[in-house]
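Working notes, beginning with the structure itself.
The values are calculated or read from the model by the stated rules, or taken from the named source; none is laboratory data. The structure displayed is predicted, hence computed values, not measured ones. Positions of Cβ are backbone-derived with ideal geometry, glycine not excepted, and every protein chain shown enters the neighbour counts. We work out accessible area using only protein heavy atoms, side chains counted, and drop any ligands, DNA or RNA first. Shrake-Rupley method; radii C 1.70, N 1.55, O 1.52, S 1.80 Å.
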Amino acid sequence: MKKPSVTSFLITLLLSAAVCAHGTTESNGTPVKVGEKYFMLPVKTENNDGGGLVPAATNILQSCPLGITQTRLPNQRGIPVSFRYTETIDRDFITTDTSINIEFMSDIWPVCSEFSKLWAVDDSSSAIIIGGKHKSPNSAFKIQNVTVAEHTYKLTTSYGTVGTTPPQLLVTNDESKTLVVQFVKADDDATKATSRVEKLGLRMFPFY
């Protein structure tokens with residue numbers, strides 16, 4: 001059997017590395033960085049009118065832990081999130097198809113402060129909730145490419161794909177309910193541009 005040449009081996013290795021290190025990007029094509037703040041903006045589709053993501057009570061009888069819902073107004077961007085790898089990876093940008101934690105980043109947190117701000121899948125209801133743990137399997141998410149538009153993505157878990165039954169985020173295997181998102185960095189200018197109405201809405205997020 002003919003042995004592969006050193007050149008072909010190196011080419012294969014480089015191509016494999018390129019596939020493994022496929023970066024997640026913002027809506028403008030800039031790489032999404034580990035630990036920085038981003039708005040996760042639902043893309044308007046036939047089954048989704050948009051509206052940013054916020055924590056909210058989803059059960060009248062039990063407010064904690066909070067669920068995650070879309071705001072009622074499509075132009076509101078919600079609360080920023082940050083991304084970190086669930087395992088130690090020496091990389092400062094987020095890649096697709098790699099296990100990550102997602103965490104809300106906000107100083108406004110009036111209720112359920114005993115819970116973490118990490119996203120998780122509720123085992124009993126399949127809802128996406130707050131209160132995850134770094135190493136827990138139900139707090140592990142992956143970002144995957146979709147072809148709805150340029151720089152658009154979906155979130156997956158070991159339980160299924162993240163979707164919506166508006167306004168609630170949940171795990172679903174129904175492709176028509178898949179949540180498609182883009183990422184926009186929440187820099188100082190974006191924060192200053194946040195409308196007064198949106199700020200008031202975020203203060204009231206448990207009952208949004």
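Annotations for the structure displayed:
- Residues that are more than 18 Å from Ala127 (Cβ to Cβ), outside any strand (DSSP E or B) and aliphatic (A, V, I, L, M) within the range 39-79 comprise Val43, Leu73, listed in sequence order.
- Considering the conditions (1) within 21 Å of Pro31 (Cα to Cα); (2) at pLDDT below 95, Ile143 is excluded by exactly one of them, (2).
- Exactly one residue out of Asp97, Asp107 is more than 16 Å from Leu169 (Cα to Cα), open to solvent by 50 Å² or more (accessible area, probe 1.4 Å) and at pLDDT 95 or above, and it is Asp97.
- Flag for Val32 being among the β-branched types (Val, Ile, Thr), touching a Phe, Trp or Tyr at 6+ places or on another chain (Cβ under 6 Å) and either modelled with pLDDT under 95 or more than 25 Å from Asp174 (Cα to Cα) (or both): yes
- Residue list for the range 49-76, restricted to those being closer than 19 Å to Val148 by Cβ and either surrounded by 21 or more Cβ atoms within 10 Å (Cβ to Cβ) or in contact with a helix residue (DSSP H, G or I) (Cβ under 7 Å, 6 or more places away or on another chain) (or both): Gly51, Gly52, Leu53, Gln70
- Yes/no for Ala21 being modelled with pLDDT under 90 and open to solvent by less than 50 Å² (accessible area, probe 1.4 Å): yes
- Inside the range 144-180, residues that are within 18 Å of Val121 (Cα to Cα) and in a strand (DSSP E or B) make up a count of 18.
- Scanning the range 74-105 for residues that are within 10 Å of Ile143 (Cβ to Cβ) and among the charged types (D, E, K, R) gives a single hit, Asp97.
- Hits in the range 119-163 (condition: within 17 Å of Thr58 (Cβ to Cβ) and open to solvent by less than 40 Å² (accessible area, probe 1.4 Å)): Trp119, Ala120, Val121, Ala127, Ile128, Ile129, Ile130, Gly131, Gly132, Asn138, Val162, Gly163
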